[in-house]
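Student: The structure is given below, and queries will be raised subsequently.
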Amino acid sequence: MLDSARYEERVETGIHGEAGGRPLDETSGRVARWILHVASASDSGVTLEASLDSLSIWRRSGAAIRSPDTDGIIGGRYRGTLSANGRYVPATHPFIPDEIAEFADLRNAAGALLPRLPSEPLAAGAVWRDDSTGTTIERLGDSTAAGVRLARYRLERHATVSRAPLAGGADTLALRVRQTTDESGEFAWDDARGVVGWTRTVTVLTEIPPGGSVRVPVRSRVVQRVTLTRLDESSR
């Protein structure tokens, strides 16, 4: 299904932060075209290679818009193992130049490309849950596109991470961080080609209360909207 598959990914992100009551608002986005290859396959999954065929990134702060040169990552290989339920375990990623890393963390970009899948077939209306990751997948009613039947699924995920204070060295660093991630979206599945489309919204709330080296409370809210579309043969 995935060997030689091509996808277009569009990401739009809104960032709102506050530190000591002072607000910061930025927006950013990227448009990428991915090429996937299956290097090998076994009972545990497939060894998947992904590379970027094209990439544009931008960030807006106030009236200023900045965009880095992305040629340094085009063609670089991401490699990892993809299991039958869509869980991706990374092995290697290409070198991310500093001028690109300043705008986006792309180290695990291939791992976030495809959705998790239920570990068993679902009838319409059935629900599958993975409590270890806070993920719920519901089978929706099927649809048809260009005469092809597509199975549709709703995916939701909720996760909360709390980090204990860290200490060490001559200067003690005490950070208490609470981060909550909520994700919701829908994806479409073609029995012959796999995932053909995925739209989702991911909201990440981060709070750092004052304490130790942090003198004022820090809060941030990041809302990311992602659209993934499988490209047909004519798009090559």
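Student: If I ask for residues that are of a type in the set (S, T, N, Q) and either touching a strand residue (DSSP E or B) at 6+ places or on another chain (Cβ under 8 Å) or under 28 Å from ILE15 (Cα atoms) (or both), which ones from segment 30-88 would you list?
Tutor: Hits for segment 30-88 are SER40, SER44, THR47, SER51, SER54, SER56, SER61, SER67, THR70, THR81, SER83.
Student: Return the residue satisfying two criteria in turn: it lies in segment 48-98 and is among the basic types (Lys, Arg) and closer than 30 Å to PRO118 by Cβ, and of such residues it is surrounded by the fewest Cβ atoms within 10 Å (Cβ to Cβ).
Tutor: Result: ARG77.
Student: Given (1) on the phi < 0 side of the Ramachandran plot; (2) crowded, with 18+ Cβ neighbours inside 10 Å, where does GLY45 come up short, assuming only one miss?
Tutor: The one condition GLY45 does not meet is (1).
Student: Identify the residue in segment 61-81 that is over 18 Å from the mean Cα position of the chain (by Cα) and part of a strand (DSSP E or B) and, among all such residues, is modelled with the lowest pLDDT.
Tutor: SER61
Student: Which is of a type in the set (Gly, Ala, Ser), in contact with a Ser or Thr (Cβ under 8 Å, 6 or more places away or on another chain) and under 13 Å from LEU52 (Cα atoms), of GLY76, GLY80?
Tutor: GLY76
Student: From ALA84, ALA50, ALA124, ALA110, which residue is touching a residue at least 60 places away in the same chain (Cβ under 8 Å) and not in a strand (DSSP E or B)?
Tutor: ALA110
The values are calculated or read from the model by the stated rules, or taken from the named source; none is laboratory data. Quantities reported herein were computed from a predicted structural model and do not represent experimental measurements. Every residue, glycine as well, gets a Cβ built from its backbone with ideal geometry; the counts of neighbours run over all protein chains shown.
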